[in-house]
Amino acid sequence: MTGSFKMTEEFASAMVPVIPIILLLGWAEVHKLSTTYVAKKAPSLDREIRAAMYRILSQEADSQADADTSSGQAAENRKPPGQAKTFEGLFAVVWGVLAVLHVLAELYLVRWLATTERAPSPGMARNVTMIAGAGFVMLLVGAFVPPLLLLYMSTAL
């Protein structure tokens with residue numbers, strides 16, 4: 001990345017709410033991935049969890065548990081090839097690393113905004129920009145790559 005970076009109050013104030021939004025959307029993508037992983041690796045446990053949630057959330061637990069049982073069996077029958085498993089694992093690991101970096105960036109931004117002596121801090125501005133950019137790229141990967149690989153993946157993130 002070329003260009004001059006300068007941490008300003010406007011930039012920091014704009015990025016403070018953006019970073020948690022990126023994290024929330026990334027968590028939703030990884031949660032969907034992990035839910036599908038549990039459904040695939042431990043279908044009986046997945047069915048029990050879903051049945052319990054339906055009993056808690058609905059009076060119609062019997063009909064919902066039956067529907068869930070059939071969808072759990074369908075997920076169990078799909079076998080993704082090695083490339084899909086690799087993509088899913090890599091996707092989750094990258095999001096884990098990015099989550100830590102996003103939390104650190106958020107803490108640095110809040111600390112910078114809370115101080116009275118604010119240096120221009122071009123390094124921090126560049127790092128926050130790169131971290132947020134990587135988060136946006138991963139959101140796009142999670143949104144657009146799985147539909148392209150839908151036939152080969154165990155989940156459509």
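The values are calculated or read from the model by the stated rules, or taken from the named source; none is laboratory data. This one's a predicted model, so the numbers in the text were calculated from it and none came from an experiment. A quick note on method: Cβ atoms are made from the backbone with ideal geometry, for glycine too, and the neighbour counts reach across all protein chains shown. With ligands, DNA and RNA removed, areas are computed over all heavy atoms of the protein, side chains included. Shrake-Rupley method; radii C 1.70, N 1.55, O 1.52, S 1.80 Å.
Structure above, values below:
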| quantity | calculated |
| --- | --- |
| Computed accessible area, VAL110, all protein chains, 1.4 angstrom probe, square angstrom | 70 Å² |
| Residue-level accessible surface for GLU106, protein heavy atoms, 1.4 Å, Å² | 40 Å² |
| ILE22, ILE56, ILE131, ILE49, reordered so the largest accessible area comes first (probe 1.4 Å) | ILE56, ILE49, ILE131, ILE22 |
| Largest to smallest accessible area among PHE11, PHE144 [probe 1.4 Å] | PHE144, PHE11 |
| Gained length - LEU57 relative to LEU24, 0.36 nm times residue gap less alpha-carbon distance | 9.5 nm |
| R0 of 41 Å, Cβ-Cβ distance THR115-THR86: FRET efficiency to nearest 0.05 | 0.40 |
